[in-house]
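Inspection log for the structure reproduced underneath, given as structure tokens.
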Amino acid sequence: MSNQVAALVVAAGRGTRMSDGDHDLPKQYLRLGSKSVLAHTLDVFLDHPRIQQVLTVRHPDDETLYESAIAETNAGFEAKLIDAVPGGATRQQSVFEGLRELAKSGIRTVLIHDAARPFVDHPVIDRVLRQLDDGQQAVLTAVPVFDTLKRTRETDTGLETVDRTGLWSAQTPQGFAFDGIFGAHSRALEAGRADFTDDTAVAEWAGLGVVLSEGNPDNFKITTQGDLERADRRIQMMERDRPSLALLADIRVGNGYDVHAFEDGRAVILGGVEIPHDKRLKGHSDADVVLHAITDAMLGAIADGDIGTHFPPSDPTWKGASSDQFLKDALRRVTDLGGQVAHIDVTIVCEMPKIGPHREDLRNSIAKICALPVSRISVKATTSERLGFTGRKEGIAALSSVTVRLPFHEGETP
Ligand code: MG
């Protein structure tokens with residue numbers, strides 16, 4: 001079942017330029033609510049637990065626009081993002097460039113998706129993956145055509161009604177067994193065919209069986225100014241569903257404390273940042289004493305046990321684990337309560353290594369893990385005047401305070 005899945009997001013298009021009032025840009029870079037269309041689309045795939053790699057094919061001229069879009073995606077998924085590749089002259093050639101890049105990584109399954117469909121959701125993706133798991137070679141996301149269709153006649157001004165029975169409107173993602181679609185695209189280009197407008201059409205041409213998977217009418221493609229306005233209304237509705245800060249009036253503060261001892265090594269990991277040192281911190285996980293103290297402070301603020309309750313050191317799963325997982329789990333617990341983290345403060349106590357030169361890296365790293373502005377993250381450091389275990393350079397201690405804002409729950413007044 002550990003079938004390697006990649007998402008290939010096609011964002012190389014140039015044709016339609018639209019304006020959102022402030023910008024005249026390729027549509028995948030227009031702003032939709034708080035971020036660009038492409039960032040919304042990428043987040044859906046980055047956030048899907050079965051997708052291990054996400055690759056964008058961008059236009060050769062769009063490096064800067066692409067970098068800005070990436071900076072807007074949700075934090076914590078950097079490892080899934082492969083460096084974007086420049087596309088070709090047609091959509092089909094762009095997809096081929098993407099597949100060629102993915103071929104290097106031993107991918108077994110690929111989902112190909114248009115960047116201009118930011119409202120794709122996990123149920124749609126899951127349905128495509130389920131059919132591929134069942135052994136299908138090519139899966140087309142589609143919705144039935146409900147509108148009555150008319151065709152104009154060349155000979156006169158009359159119209160004829162088209163029978164819509166069995167007609168489907170194609171969407172993306174389209175999912176494929178990787179070797180099948182890569183082979184089909186390669187053969188199509190060798191045969192001089194570069195005009196296919198979607199990938200199941202390439203698959204059909206190459207003789208692969210294509211099956212349908214139920215799409216979602218909301219997964220529409222932004223093509224016209226009208227589509228952009230519809231998308232904007234939808235995003236506004238989605239973003240309005242988030243609780244406003246004024247409703248999060250139950251303000252809680254938690255504190256956390258952690259210690260790890262030194263052992264021989266080459267670097268310590270603090271706040272997710274590797275700092276070169278002649279020792280490392282000893283522990284079951286990566287021993288990131290800073291993230292452990294913050295995690296405990298966050299759990300303290302919502303009165304939900306401590307890091308050991310949720311991640312017992314006796315569980316081999318967490319051996320060598322990267323501690324950002326523990327902090328993200330605590331964050332999820334805050335979010336599940338309808339709350340938000342307002343502020344994180346941490347104090348690191350050690351003689352060595354010197355924290356000062358790395359302070360901003362630590363702040364940025366913690367901000368990224370928690371998807372918070374860096375202005376809400378404080379990192380301080382002190383020595384203990386050579387007193388005690390930290391003074392004897394036997395280890396590092398960290399203390400943290402975290403402020404959390406929650407909605408008041410009924411019957412629960414402080
Ligand atoms: Mg610890």
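The values are calculated or read from the model by the stated rules, or taken from the named source; none is laboratory data. Everything numeric in this text was worked out from a predicted model, so none of it was measured. As a convention, Cβ positions derive from the backbone with ideal geometry for all residues, glycine included, and neighbour counts pool all protein chains shown.
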Take the residues in the range 267-300 that are more than 23 Å from G391 (Cβ to Cβ) and more than 16 Å from the ligand (Cβ to nearest atom); name whichever of them is surrounded by the most Cβ atoms within 10 Å (Cβ to Cβ). V273
Checking T309 against (1) part of a loop (DSSP other than H, G, I, E, B); (2) within 16 Å of the ligand (Cβ to nearest atom), which test does it fail? (1)
Taking the range 124-162 and the residues there that are touching a residue at least 40 places away in the same chain (Cβ under 8 Å) and small (G, A, S), the one that is surrounded by the most Cβ atoms within 10 Å (Cβ to Cβ) would be A138
Matching residues, the range 88-99, being at pLDDT 95 or above and in contact with a strand residue (DSSP E or B) (Cβ under 8 Å, 6 or more places away or on another chain): S94, V95, E97, G98, L99
Among (1) buried (at least 19 other Cβ atoms within 10 Å of the Cβ); (2) within 16 Å of the ligand (Cβ to nearest atom), there is one condition G215 misses while meeting the rest; what is its number? (2)
Go through (1) within 11 Å of the ligand (Cβ to nearest atom); (2) out of contact with any Leu (no Cβ under 9 Å at 6 or more places or on another chain); (3) not basic (K, R) for A321 and report which single condition fails. (1)
Taking strands (runs of 3 or more DSSP E) that do not extend beyond the range 4-123, which have at least 3 residues that are crowded, with 23+ Cβ neighbours inside 10 Å and touching a residue at least 24 places away in the same chain (Cβ under 8 Å)? 5-11, 51-58, 109-114
Which pairs turn up if I take residues in the range 281-303 that are closer than 13 Å to L327 by Cα and look for partners that are within 13 Å of the ligand (Cβ to nearest atom) and of a type in the set (D, E, K, R) with beta carbon separation below 7 Å, at least 6 apart in sequence or on another chain? V289/D258; H292/D258; A293/D258; D296/D258; D296/D306; L299/D306
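Every residue, every condition in (1) surrounded by fewer than 19 Cβ atoms within 10 Å (Cβ to Cβ); (2) assigned to a loop (DSSP other than H, G, I, E, B), yes or no:
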residue: L327; (1), (2): no, no
residue: L331; (1), (2): no, no
residue: I348; (1), (2): no, no
residue: L362; (1), (2): no, no
residue: A367; (1), (2): yes, no
residue: L372; (1), (2): yes, yes
residue: S375; (1), (2): yes, no
residue: F389; (1), (2): yes, no
residue: I396; (1), (2): no, no
Residue check, D315 within 16 Å of the ligand (Cβ to nearest atom) and at pLDDT 85 or above: no
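To keep it simple, each residue is scored yes or no on (1) buried (at least 16 other Cβ atoms within 10 Å of the Cβ); (2) more than 26 Å from H40 (Cβ to Cβ); (3) small (G, A, S).
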site	(1), (2), (3)
A203	yes, yes, yes
L208	yes, yes, no
T224	no, no, no
I235	yes, no, no
Residue tally, condition within 28 Å of S314 (Cβ to Cβ) and surrounded by fewer than 18 Cβ atoms within 10 Å (Cβ to Cβ), over the range 243-258: 2
